[in-house]
Each structure stands twice: as C-alpha cells, then as structure tokens.
1. Residues of segment 116-165 being in contact with a strand residue (DSSP E or B) (Cβ under 7 Å, 6 or more places away or on another chain), outside any strand (DSSP E or B) and more than 17 Å from residue 186 (Cβ to Cβ), which ones?
2. Which one of the conditions (1) over 22 Å from residue 287 (Cα atoms); (2) buried (at least 16 other Cβ atoms within 10 Å of the Cβ) does residue 339 fail to meet, given that it meets all the rest?
3. Looking at segment 268-283, is at least one residue loosely packed, with under 14 Cβ neighbours inside 10 Å and in contact with a strand residue (DSSP E or B) (Cβ under 8 Å, 6 or more places away or on another chain)?
4. Where residues in segment 249-266 are at pLDDT 95 or above and over 17 Å from residue 234 (Cα atoms), which of them is surrounded by the fewest Cβ atoms within 10 Å (Cβ to Cβ)?
5. Going by what's in this entry, would residue 352 be described as touching a helix residue (DSSP H, G or I) at 6+ places or on another chain (Cβ under 6 Å) and not assigned by TED's automatic domain parsing to the domain that holds residue 184?
6. Every residue in segment 31-63 that is within 14 Å of residue 88 (Cα to Cα) and part of a helix (DSSP H, G or I), please.
7. Of the residues in segment 213-246, how many are in contact (Cβ under 8 Å) with a residue 24 or more places away in the chain and assigned to a strand (DSSP E or B)?
8. Would you please name the residue that is farthest from residue 387 (Cα to Cα), looking only at residues in segment 399-409 that are without any contact (Cβ under 8 Å) to a residue 60 or more places away in the chain and in contact with a strand residue (DSSP E or B) (Cβ under 6 Å, 6 or more places away or on another chain)?
C-alpha cells in the first residue's frame with residue numbers, strides 16, 4: 001500500500017467517523033400529565049441532551065458553549081393540538097455538560113402522541129427525536145400520575161421551571177443512575193383519593209425489583225407512606241441504591257386501601273451502573289486505573305496519601321503498604337490508593353479519598369510534631385482509627401508527672417466495648433509528641449504499671465511500699481489525679 005493510498009484511506013475513515021458523530025445527538029425524554037387545583041390538565045416534558053453528543057464551540061473568552069433547538073408537539077392523529085418551539089443554550093463552561101430543560105403545556109383530557117425533536121444548532125445535521133403515546137385523563141376516583149425519576153431535589157421557594165410545590169426537582173430523563181449515584185428519587189402526584197376512600201388513611205407503597213431476565217424479578221428495596229384522603233397530594237421519595245449492582249430494575253408505586261386492595265399503580269424501568277460494588281483486585285486493569293482520580297496525583301501527593309493511610313491500614317494490607325512504599329513504581333502506589341478507597345465507597349471512591357485526606361490534613365495540623373506528620377503520632381493515629389473522643393482530660397501542671405491526656409470513648413464499635421479509655425503522655429517534654437501509655441481497648445497497649453511510669457519521679461511512693469517489682473500504682477496525694485480521672489470518667 002502506497003503512502004498516498006494510506007492517506008486516502010485515513011481521510012475516508014475520518015469522514016465516516018465524522019458522519020457518524022454528526023448523527024449522534026442523544027436525547028432523553030420523560031413526561032407526566034398533571035392537574036392543577038382548579039382542574040386544568042397539563043403535560044410536563046423533561047428533555048436532556050447528553051454532553052458527549054452535542055457540539056460545543058469555543059467562544060471569544062475561550063469558554064465552551066452549546067446550543068440546541070427543541071420542538072415539543074402533542075398530536076392527535078395528524079393534528080397538532082399544542083406545541084412549543086424554542087432554543088436553549090448551555091452556560092459558558094470549561095468542559096461540556098448535559099443540557100436539561102423542562103416545559104409545561106396545557107392540554108385537554110384525551111389520548112395523544114407526544115413528539116420531541118432536538119437539533120444541534122452548531123451542527124445542523126446532528127439531530128434526534130422521540131415519540132411516545134400520551135394519556136391525559138383524570139377519572140373521578142383515586143388516580144396516580146406518571147412517576148418522574150429525579151437526579152436530585154432540594155427545598156426552593158424561588159420561581160423556576162424546575163420548581164414544584166416548594167422543591168427544586170432536577171429530572172433524570174435518561175432513566176440511568178451512574179456509578180456515583182447513591183440515591184434514587186422520584187416525584188408523583190395523587191388525585192381524588194377522597195373519592196375512593198372516606199375517613200381512613202391509605203397506604204402508598206413503593207418498591208424496586210431487579211430484572212433477572214425471563215420474567216424473573218427479585219425484590220431489592222421497599223418503602224411506604226401513609227396518606228390522608230385529599231383532592232391532590234404530592235409524593236416525593238428517595239431510596240438508597242448505593243448497594244444495587246449494575247443492571248436493569250423496575251420501580252413500582254402503588255396506592256392501597258386499609259383492606260390492602262390495589263387502587264392504582266405505576267411502574268417504570270431504569271438502569272443502574274455500579275461497576276465497583278463487587279470489585280476484585282484483578283478487575284482493576286491498567287485501562288480502568290488510567291481513568292481514575294489517582295492518575296492526577298503526582299509522586300509527592302502519592303507518598304503523602306500513603307503516609308496518611310498508614311495509621312488505618314491493618315493486617316495483610318499493612319505489609320502490602322510497606323512493600324508499596326519501598327516500590328518506586330508510581331503505578332503500584334496509584335493501584336493501592338484506588339483499591340483502598342473503592343472499598344470504602346464503591347459509588348464514589350474519589351469522594352471518599354477527598355473526605356479522608358481532608359480529615360488527615362486536619363489531624364496533621366492538630367497533632368503535628370517536629371519530625372513526623374501529625375497523623376503519624378500516637379494521638380493522630382488514634383484519632384484517624386477511632387475518631388474524636390467523646391471526652392478528654394488534658395493535664396500539664398500536675399506535680400511529679402509529665403503532661404498527659406486521657407481520651408474517653410463511650411461507645412467503641414471497633415471492639416464492641418463501652419467506656420474505652422486511652423492515656424497518652426509526653427515523658428520527653430518535646431513539643432506535642434505524646435505517646436500511648438495505657439488503654440482499655442482490646443488490642444491496644446495495656447500496661448498495669450502505667451501509674452508507676454507516669455509518676456516515675458517518685459520512686460519510693462508505691463502502693464505496695466518498698467516492693468518495687470510488684471507495685472502497679474502510687475500513693476495518693478492531692479496532686480496525683482490520673483487514677484481518679486481514669487476511673488471516674
């Protein structure tokens with residue numbers, strides 16, 4: 001093959017790829033029919049344009065911006081009953097992001113077809129459309145609207161197309177929860193429950209089932225709310241999906257009376273991506289690691305992170321960490337760090353990393369010593385491993401004793417103990433370099449002669465008289481309160 005032929009082939013291939021990309025606009029659409037308190041039906045349509053599918057162009061300020069034309073039509077046969085045609089623009093951004101919009105259209109009760117067409121205004125040949133049957137009916141009995149999946153929600157009283165009933169509702173038109181998502185949220189409205197139920201409360205039940213194929217579904221999560229009969233009621237729910245594995249799921253919402261009779265039901269399907277939930281070490285390939293947050297850490301940051309992990313890494317992982325610290329290969333260090341944090345939070349290992357490093361930095365500042373990071377001191381290690389103590393006594397001026405601290409944990413889940421205590425002291429009087437003298441926690445340093453060592457400047461005042469070998473305590477006087485603190489707290 002000649003060089004000219006090869007160039008022609010590459011040019012042709014690029015044209016094919018460009019043509020495919022030009023037709024790659026990807027839109028997600030969700031919709032629901034609602035009714036106003038004064039009986040005016042309307043349809044709410046949520047549209048999302050995937051960030052990777054729309055062309056972002058640079059502006060004069062070197063920022064990026066995308067634009068799209070959206071046409072929403074509600075049709076009855078060939079007749080357009082109502083429509084909205086408008087343009088949307090992304091904000092000026094540094095990196096592409098999805099475009100999300102919502103429109104509400106008044107429409108009489110009836111059966112229709114919803115059609116949504118979106119065109120990329122920076123690449124006119126880049127377009128996509130959506131069609132679905134639409135029913136707008138509100139019978140004179142309990143009626144449940146379509147269920148709308150949400151990416152998030154928050155209280156917000158300001159005027160916004162995304163605000164409803166005092167909440168800002170961010171829609172999820174693609175029905176897809178990516179790996180960082182830990183909560184599924186949804187919104188629905190219930191109409192005329194007072195027409196089907198008299199005085200008694202009724203139950204709204206919602207549950208998630210995993211679709212296993214061949215019609216088999218496994219129940220994985222459920223919840224419920226009791227409601228009082230009313231003309232209109234709103235349902236805003238969030239459910240924990242942090243432990244849902246990757247796959248296809250169905251969300252079902254039901255309304256039932258006190259006799260458990262089904263009054264209304266809605267369901268929808270969604271997908272969940274959770275690739276690190278049951279991650280095996282061999283699944284962390286070079287390709288996967290190259291896409292993770294650890295790739296952005298330089299050698300200095302990697303060493304600091306590994307040092308910050310040393311207080312909490314135990315067992316076999318502690319030996320592995322020692323080997324990783326000796327290894328000069330940065331990829332090995334990135335692998336260990338990612339593996340640790342993906343085990344802490346499979347949904348958001350980068351978030352777990354940031355939270356822990358923020359804590360480690362504050363511990364370093366609190367307990368820093370002249371020769372070590374603060375989290376490498378005994379108090380720093382204890383703080384990272386067990387958290388902040390519930391109570392603390394700090395003593396600096398007790399006669400016959402160096403400065404010391406007693407930490408108290410009322411509940412100690414690491415060993416399922418209660419009222420656990422640590423005693424740290426500074427026999428060298430050097431800065432803040434306190435060391436562990438004694439603890440009641442299982443697996444930690446336990447020294448029955450801790451009181452003797454704390455007051456070792458008084459070599460003859462032991463509780464067993466002159467018995468230097470067997471004595472564990474010292475004689476009481478007004479200045480020695482460590483035993484009192486340790487016993488009474």
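The values are calculated or read from the model by the stated rules, or taken from the named source; none is laboratory data. What you are looking at is a predicted structure, and each value in this text was computed from that prediction instead of being measured. Using ideal geometry, Cβ is built from the backbone for each residue, glycine included, and neighbour counts are taken over all protein chains shown.
1. Residues of segment 116-165 that are in contact with a strand residue (DSSP E or B) (Cβ under 7 Å, 6 or more places away or on another chain), as a first pass: 116-122, 126-136, 138, 142-156, 160-162, 165.
Filter again for outside any strand (DSSP E or B), leaving 121-122, 126, 138, 142, 145-147, 156, 160-162, 165.
Within segment 116-165, 121, 122, 126, 138, 142, 156, 160, 161 qualify.
2. Every condition holds for residue 339 apart from (1).
3. The initial filter retains those residues of segment 268-283 that are loosely packed, with under 14 Cβ neighbours inside 10 Å, namely 269, 278, 280-283.
Now restrict to residues that are in contact with a strand residue (DSSP E or B) (Cβ under 8 Å, 6 or more places away or on another chain): 269.
Checked segment 268-283: at least one residue is loosely packed, with under 14 Cβ neighbours inside 10 Å and in contact with a strand residue (DSSP E or B) (Cβ under 8 Å, 6 or more places away or on another chain).
4. Among them, the one singled out is 262.
5. Details: touching a helix residue (DSSP H, G or I) at 6+ places or on another chain (Cβ under 6 Å): yes; not assigned by TED's automatic domain parsing to the domain that holds residue 184: yes.
The answer is yes for residue 352.
6. Passing the criteria: only 51.
7. At the first step, the residues of segment 213-246 found to be in contact (Cβ under 8 Å) with a residue 24 or more places away in the chain are 217, 220, 226-246.
From what is left, the residues that are assigned to a strand (DSSP E or B) are 217, 220, 226-227, 232-240.
Final tally of qualifying residues: 13.
8. Here the residue is 402.
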